[in-house]
1. Order of 115, 58, 157 from fewest to most other C-beta atoms within 10 Å?
2. Straight-line reach from residue 92: which aspartates and glutamates have a Cα under 12 Å away, not including same-chain ones fewer than 8 places off?
3. Explain nothing, just compute: Karplus ³J(HN,Hα) = 6.51 cos²θ - 1.76 cosθ + 1.60, θ = phi - 60°, for every residue of region 125-141 in order, whole Hz, x for Gly and Pro.
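Throughout, read-outs are computed from the coordinates displayed, never taken from laboratory work. Remember, predicted model here, so these are calculated numbers, not experimental data. Don't worry about glycine lacking a Cβ; one is built from the backbone with ideal geometry, like all the others, and counts go over all protein chains shown.
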Amino acid sequence: MKVFIIQIHTAWSVILLWLILEIHQHRIHLQILQKVLATSGNVTLAFSNLPTGNYYIVVNHRNSIETWSRQGGEAFTSGGNTNYNMSDQITKAYGNNLKQVDTSPVRFADFSGDVNQDGSVDLTDIINIYNNAVNFITGYNATDVNGDNITDLTDLVITNNNSVIYAGKVTP
Ligand SMILES: [Ca+2]
Ligand SMILES: [Ca+2]
């Protein structure tokens, strides 16, 4: 078994959080997996043919900013296990591209609000959320940023807060 075990923080607890996880060597995309994040925040990626090397782990989901693991990549030995905690230090993401979401214990998470998945949180995302909020859209929708199955002012505020600091993806 050859696995990456990745720990990611999320404030989501209401509905399942589907993650899209990619493995890159430098900028070359190697493998992609879709996984459900456990409530523990742990996700296990198992590969059958990943050679020994340094890899970037790329984390994304339907309305968060694509986030890469820290500069230089993570050493992985074929046939071994690699643990990577992306939530305990801001430096665990490439370009320190994480947001502190808890103080005790200290936890960092991906930026939320990239509803249209263009790599930045901006006015377009806010308008998408606003349009669904005024129409009382419910259910599994990218405009539901906090994962409570409702698109409303809470999602708008989260996204606006990340927009004013120009949250966007940072890649090698
Ligand atoms: Ca966007
Ligand atoms: Ca919501």
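1. In order of increasing Cβ crowding within 10 Å: 157, 58, 115.
2. Within reach: 74, 110.
3. Listing the rounded values in order: 5, 4, 5, 4, 5, 4, 4, 6, 5, 6, 9, 6, 6, 10, x, 6, 9 Hz.
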